[in-house]
Amino acid sequence: MSNPGRPHGDSIERRVQGDLPSTDAETAAARIASDATVLTSGFGSVGYPKAIPLALANSDRDLRLTLVSSGNVGDEIDVDLVESGAISRRFSYQSSSVARRATNRRDIAFSDRNASSIGDEVQYGGMVDPDVAIVEAVAVGEGWFVPSTSVGQVPAFVEAADELFIELNHQHPLGLQSVHDIYRPDSPPNRTPIPLTDPGGRIGTSYVQFAPEKLVGVVETDRADSTYTFRDPTDDDLAIAANLRSFLSDEMERSPVFDDAIHLQFGVGSLGNALMGELRALDFGDRDVVYYGELIQDGLLDMLDSGRLASASATSMALTADGQRRLFEDIERYAEDIVLRPADVANHPGLIDQFGVVGVNSAIEFDIYGNVNSTHIRGKRMVNGIGGSADYNRNALLSICALPSALDDGETSRVVPMTFHVDHTEHDIDVFVTEQGVADVRGCSPVERAERIIEHCAHPSFKSDLQSYLDDVKAQSNHIPHDVARAAEWYES
């Protein structure tokens, strides 16, 4: 797509360049059809449109919108718009208790998708017929805009939608242009390899391009993101982090693939932040430590500030209010080491494999054979969604599942005989880490995996019951022995 007004390398010094159609949120909302399919920016609860969703929520229209986002969004969408009853169908990740309740009541028809594939599914896969994209930006011109605090699948969404609204948010600094690296993969079947050879390298532009005739209006806003709140690490979090640090230390000595560098990815959340804090004390020697994942968290800023991290590549900055303040106040310095990419690059299976990423993600539970449930409590009640965890679990050189062995002060085991909802199969995960220890199950048969998981990861309150279950079912002549009725009793207590 030609874009003569934005030659690569130019620094953007004004938020608006050119004669662009301006509008207000209420007028924009009124133009959107009551049954429209709406694609929005937003990933990690940041970088999402705010004014137009609020205007839709506050209108008195009977709306039945299909909403597609590439990650979780903030309260203006996942609380206000959901509570208004305007959303009838949703893809994919949702992040509020309000959206969760609507999903579980089936008031919203919710379809969960892997973060890496949503762009392709919207453009080529027939998932939806998109009508309008609403995105947030820090600068806009004729045929281009600079995203704000996340990218996600915005380039694909903008390309796929018939119409485009841009919310120009003055809350975010223009300096965010320096962290973006927007690269669009070619269309199948002529897609060529993504030419990224260094996780901290840049292969694209600071802006997203679009066909100028798609732009219906620019809405100027000044509203902050719904930033994260991370709880203080628990004793279990710290013990898990210490066990992970010990395992990684041994693994770096064992495997020659880590002789020069180690590439890490962590799932979002308080546990992930605790894990990053613990790794600041790990002796990496002369190795480069690189983050190649989907979310920049406060812990990564700490690692950059301490000099323990060479670079961080992601698609969103899921920061606390303090973390976002730190970033914005020193954006030029952080931009030397932070890169934000589209999710179909940040989560690309080939790049995860190419860089030999060590992926560390949490879950709701896992079973004794190594199957992992990331999304549904007791196999049936949706929590948030799968996000990008499958992208990393399946394609990382080393896939690690880390979580406490029990909840509710030891009353509920997170290691179960059989999980009744599986997001990541026993083929996807190499290592399990709880506060009890580490189970490296690479090369193990199913029963061998079960023995290691029970011995090293199960909570003491449940270890004997799990072992009794395994001892009894081992009498069967099955590769993966189970007593389904007995396994279901773990969900009935």
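Checking each residue in segment 466-493 for being over 17 Å from Phe420 (Cα atoms) and either in a loop (DSSP other than H, G, I, E, B) or open to solvent by 70 Å² or more (accessible area, probe 1.4 Å) (or both) picks out Asp471, Asp472, Lys474, Ala475, Gln476, Ser477, Asn478, His479. The residue that is surrounded by the fewest Cβ atoms within 10 Å (Cβ to Cβ), counting only those in segment 74-112 that are touching a Phe, Trp or Tyr at 6+ places or on another chain (Cβ under 6 Å) and in contact (Cβ under 8 Å) with a residue 60 or more places away in the chain, is Thr103. The set of residues in segment 13-42 being under 25 Å from Ile296 (Cα atoms) and open to solvent by 10 Å² or more (accessible area, probe 1.4 Å) consists of Arg15 alone. Considering segment 56-160, the qualifying strands (runs of 3 or more DSSP E), each wholly inside and each with 3 or more residues that are touching a Lys or Arg at 6+ places or on another chain (Cβ under 9 Å) and closer than 27 Å to Lys380 by Cβ, run over 65-69, 87-91. Among the residues of segment 394-410, those that are in contact (Cβ under 8 Å) with a residue 24 or more places away in the chain, open to solvent by 10 Å² or more (accessible area, probe 1.4 Å), of a type outside the set (Lys, Arg) and farther than 14 Å from Asp237 by Cα comprise Asn395, Ala396, Leu397, Gly410.
Applying the set (1) in contact with a Gly (Cβ under 9 Å, 6 or more places away or on another chain); (2) open to solvent by 50 Å² or more (accessible area, probe 1.4 Å); (3) in contact (Cβ under 8 Å) with a residue 60 or more places away in the chain; (4) under 20 Å from Ile364 (Cα atoms) to Gln209 leaves exactly one unmet item: (4). Considering segment 225-264, and only residues there that are of a type in the set (Ser, Thr, Tyr) and open to solvent by less than 40 Å² (accessible area, probe 1.4 Å), the residue that is nearest to Gly71 (Cα to Cα) turns out to be Ser226.
Residues in segment 320-345 that are small (Gly, Ala, Ser) and in contact with a helix residue (DSSP H, G or I) (Cβ under 9 Å, 6 or more places away or on another chain): Gly323, Ala335, Ala343.
Against the conditions (1) assigned to a helix (DSSP H, G or I); (2) under 22 Å from Ala310 (Cα atoms), Asp237 satisfies every one except (2).
Restricting Val339, Val383, Val372, Val357 to residues that are crowded, with 22+ Cβ neighbours inside 10 Å, of a type outside the set (Lys, Arg) and closer than 30 Å to Ala102 by Cβ narrows the list to Val372. Contact map, segment 256-282: first residue modelled with pLDDT of 80 or more, second residue assigned to a helix (DSSP H, G or I) and of a type in the set (Lys, Arg), Cβ cut-off under 9 Å, separation 6 or more or different chains; pairs are Leu282/Arg245.
Looking at Ile377, Ile331, Ile364 in this structure, which one is open to solvent by 10 Å² or more (accessible area, probe 1.4 Å) and in contact with a Pro (Cβ under 6 Å, 6 or more places away or on another chain)? Among Ile377, Ile331, Ile364, only Ile331 is open to solvent by 10 Å² or more (accessible area, probe 1.4 Å) and in contact with a Pro (Cβ under 6 Å, 6 or more places away or on another chain).
Of the residues Asp186, Asp162, Asp222, the single one that is out of contact with any strand residue (DSSP E or B) (no Cβ under 8 Å at 6 or more places or on another chain), surrounded by fewer than 18 Cβ atoms within 10 Å (Cβ to Cβ) and on the phi < 0 side of the Ramachandran plot is Asp186.
Among residues of segment 449-465 that are more than 16 Å from Trp490 (Cβ to Cβ), those with a Cβ under 6 angstrom from a residue that is of a type in the set (Gly, Ala, Ser) and not in a helix (DSSP H, G or I), sequence gap 6+ or separate chain, pair up as Arg449/Gly370; Arg452/Ala439; His456/Gly437; His456/Ala439.
Considering each residue of segment 358-365 in turn, at least one proves to be of a type in the set (S, T, N, Q) and either out of contact with any Ser or Thr (no Cβ under 9 Å at 6 or more places or on another chain) or closer than 22 Å to Ser399 by Cα (or both). Restricting Ser45, Ser69, Ser59 to residues that are more than 27 Å from the chain's Cα centre (by Cα) and of a type in the set (Ser, Thr, Tyr) narrows the list to Ser59. Of all residues in segment 447-464, those satisfying the criterion of being open to solvent by 80 Å² or more (accessible area, probe 1.4 Å) and in contact with a strand residue (DSSP E or B) (Cβ under 8 Å, 6 or more places away or on another chain) are Arg452, Glu455.
The values are calculated or read from the model by the stated rules, or taken from the named source; none is laboratory data. For clarity, every value in this text was computed on a predicted model and none was experimentally measured. Quick reminder, even Gly has a Cβ in these numbers, built from the backbone with ideal geometry, and neighbours come from all protein chains shown. Heavy atoms of the whole protein, side chains included, go into the accessibility calculation; ligands, DNA and RNA do not. Shrake-Rupley method; radii C 1.70, N 1.55, O 1.52, S 1.80 Å.
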